[in-house]
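*Asks:* Here you go, one structure.
The values are calculated or read from the model by the stated rules, or taken from the named source; none is laboratory data. What you see is a predicted model, and the numbers here were worked out from it, not measured in a lab. Here Cβ is always computed from backbone atoms with ideal geometry, including for glycine, and neighbour counts include all displayed protein chains. Protein only, heavy atoms only, side chains kept; ligands, DNA and RNA dropped before computing areas. Shrake-Rupley method; radii C 1.70, N 1.55, O 1.52, S 1.80 Å.
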Amino acid sequence: TYASCPFRYYLSEILNLKKVPSPEEIRRIEPLDRGTLLHKILHDFYRQAAAEIHLPLKPDRLAAAWKIMERVARRAFSEEEAKGGTGLALLWDLDRRSLLEDLRTFLKKEAGFDENFVPENFEIQFGFERRQDPTLRPALLMDDKTVVFLRGRIDRVDRSAGGDRLRVIDYKSGKIRGEEDGFGGGTSLQLPLY
């Protein structure tokens, strides 16, 4: 946000200003809420799948994985509806169907990977100071003249079957910018920094 609009960053991250729509104004689930919902579903899915089926996902386990995904998604949908941010019933029905289709596509792609990486850690926070653990401070990158403090959350870290490699996964549910450099003009640096 800072790279694309410093003033918006100041308003949202420093002053914590947020637009709060009244329930009658909400016609459809907001894109940010949709992304948060997808993250929650994927997080809960992998927790359940690790307990119920053998990971990593493979084509022969896709049907069992989909049953878990549907169960987790429907529970998350109910929770989101209870919050009142899903909008009009007809549009929410369309959004739910779209989310389920996105999740089905995600599972098919995950099951199609030939690599033997097993999802191991989810929603890993770094750089947030916590009262119970004062050693957790913002991560630090530096060179001779510059110090950059980082904080964030890694959606998922997979470990190779041999245990010698890690893969960082960051779920993206919004539109992908068509920037030539792949970093969105400085706004998409998240994965390279991880």
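*Asks:* Say whether the condition of being in a helix (DSSP H, G or I), hydroxyl-bearing (Ser, Thr, Tyr) and without any contact (Cβ under 8 Å) to a residue 60 or more places away in the chain is met by at least one residue in region 89-106. Break it down into steps so the answer makes sense when it comes.
*Replies:* Restricting attention to region 89-106, the residues satisfying the condition of being in a helix (DSSP H, G or I) are 89-106.
With the extra rule that they be hydroxyl-bearing (Ser, Thr, Tyr), the set shrinks to 98, 105.
Right, trim to without any contact (Cβ under 8 Å) to a residue 60 or more places away in the chain and you get 98, 105.
Checked region 89-106: at least one residue is in a helix (DSSP H, G or I), hydroxyl-bearing (Ser, Thr, Tyr) and without any contact (Cβ under 8 Å) to a residue 60 or more places away in the chain.
*Asks:* Which one of the conditions (1) modelled with pLDDT under 90; (2) outside any loop (DSSP other than H, G, I, E, B); (3) open to solvent by less than 40 Å² (accessible area, probe 1.4 Å); (4) under 16 Å from Leu38 (Cα atoms) does Tyr171 fail to meet, given that it meets all the rest?
*Replies:* Every condition holds for Tyr171 apart from (2).
*Asks:* Just the residues that are part of a helix (DSSP H, G or I) and under 16 Å from the mean Cα position of the chain (by Cα), please, taken from region 107-127.
*Replies:* Once the filter is applied, which keeps residues that are part of a helix (DSSP H, G or I) and under 16 Å from the mean Cα position of the chain (by Cα), region 107-127 yields Leu107, Glu110.
*Asks:* Which one is modelled with the lowest pLDDT, of the residues in region 1-25 that are more than 22 Å from the chain's Cα centre (by Cα), part of a loop (DSSP other than H, G, I, E, B) and among the aliphatic types (A, V, I, L, M)?
*Replies:* Filtering first and then ranking leaves Val20.
*Asks:* Looking at (1) out of contact with any helix residue (DSSP H, G or I) (no Cβ under 9 Å at 6 or more places or on another chain); (2) under 22 Å from Glu123 (Cα atoms); (3) surrounded by 17 or more Cβ atoms within 10 Å (Cβ to Cβ), can you tell me which one Ile26 breaks?
*Replies:* All conditions pass for Ile26, except number (2).
*Asks:* Has region 38-51 got at least one residue that is exposed (fewer than 13 other Cβ atoms within 10 Å of the Cβ) and closer than 30 Å to Ser160 by Cβ? Step through it out loud before you land on a result.
*Replies:* As a first pass, look at region 38-51 and keep what is exposed (fewer than 13 other Cβ atoms within 10 Å of the Cβ): 51.
Checking the rest, the ones that are also closer than 30 Å to Ser160 by Cβ come to 51.
Taking every residue of region 38-51 in turn, at least one turns out to be exposed (fewer than 13 other Cβ atoms within 10 Å of the Cβ) and closer than 30 Å to Ser160 by Cβ.
*Asks:* Looking only at region 148-168, count every residue that is open to solvent by less than 100 Å² (accessible area, probe 1.4 Å) and part of a loop (DSSP other than H, G, I, E, B) and tell me the total.
*Replies:* If we filter region 148-168 for residues that are open to solvent by less than 100 Å² (accessible area, probe 1.4 Å), which is where we start, we get 148, 150, 152, 154-163, 167-168.
This time we only want the ones that are part of a loop (DSSP other than H, G, I, E, B), so: 161-163.
Residues in region 148-168 being open to solvent by less than 100 Å² (accessible area, probe 1.4 Å) and part of a loop (DSSP other than H, G, I, E, B): 3 in total.
*Asks:* Here's another thing I want to ask about it. Output the number of the condition that Asp144 fails; it satisfies all remaining conditions of (1) open to solvent by less than 70 Å² (accessible area, probe 1.4 Å); (2) at pLDDT below 75; (3) among the acidic types (Asp, Glu).
*Replies:* Of (1) open to solvent by less than 70 Å² (accessible area, probe 1.4 Å); (2) at pLDDT below 75; (3) among the acidic types (Asp, Glu), only one is false for Asp144: (1).
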